[in-house]
Amino acid sequence: MIEIRNICKSYGSLEVLRDVSLEVGRGEIVAIVGPSGAGKTTLLQIVGSLDRPDSGEVTYDGEPITSMSDKALARFRNVNIGFIFQFHELLPEFTALENAALPAMIAGKSRRKAMDAARELLETLGLGERLRHRPSELSGGEKQRVAIARALVNAPRIVLADEPTGSLDSHNRREIHEIISRLCATRGQTFLIVTHDDSLASIAHRVVRMEDGRITSITVPRQGPVVENESEDSLP
């Protein structure tokens, strides 16, 4: 579904990505691991159209995005890509429901349709009783569930996650691991995840290791993702 071809990126004299190529299949969980400064987040930002490479190309289902105008990229990003960040980045003045619905309203859906889509996702993620709560009234794990709902509300082709469990305790980390696995299994959702969390990487179909701006290995974890055919109602 996504082809990353010969991506290079430098900031001044600092070479961050060096001829990086990778393919991500539909319905696949791919984890990117490696030491700080390896280029993981920069690669994620380029795949997510938040930054442009110096050379190389990123295509979605054969559609190149690296040559799009900024306006076209913004439209493409809103509809096709969901983002999950380490610190959830929720707007403090909005409720969980409003935060999750925002990308759908930005995409042009009516407020009612956006709210309905967000409500369904939040209920699926176990937050049906927390819809009207603001971020300050939610736990860390609940905030990250809202961020996942926000990332999924436009039914994007791919969800890009940058250290999505980095700020969570072990209990909440396990819950987010389970949610990601089951979203992949029940919805066929694609995830590209940058992480230092070995247990999160273990649920991926493939683990891509980066060092010094290059991909040095691609492995398949023994554990692999959860693939049971369970209903979405079974999500924690």
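Some observations on this one:
- In a fully extended conformation the segment linking LYS71 and CYS8 would gain 20.4 nm over its present Cα-Cα distance, using 0.36 nm per residue.
- Extended-chain gain in nm, criterion 0.36 nm per residue less alpha-carbon gap, SER136 and ARG111: 6.6 nm
- Potential lengthening between ARG52 and SER217 on full extension [0.36 nm per residue; Cα-Cα distance subtracted]: 57.0 nm
- The alpha carbon centroids of the range 56-94 and the range 120-189 are separated by 18 Å.
- Rounded tilt (10° steps) of 96-106 against the dominant C-alpha axis of the chain: 60
- Per-peptide average of other Cβ atoms within 10 Å, ordering 148-155, 26-33 highest first: 148-155, 26-33
Coordinate-derived values only; no laboratory data. Quick caveat, the model's predicted, so the values are computed rather than measured. We place every Cβ from the backbone using ideal geometry, glycine too, and count neighbours over all the protein chains shown.
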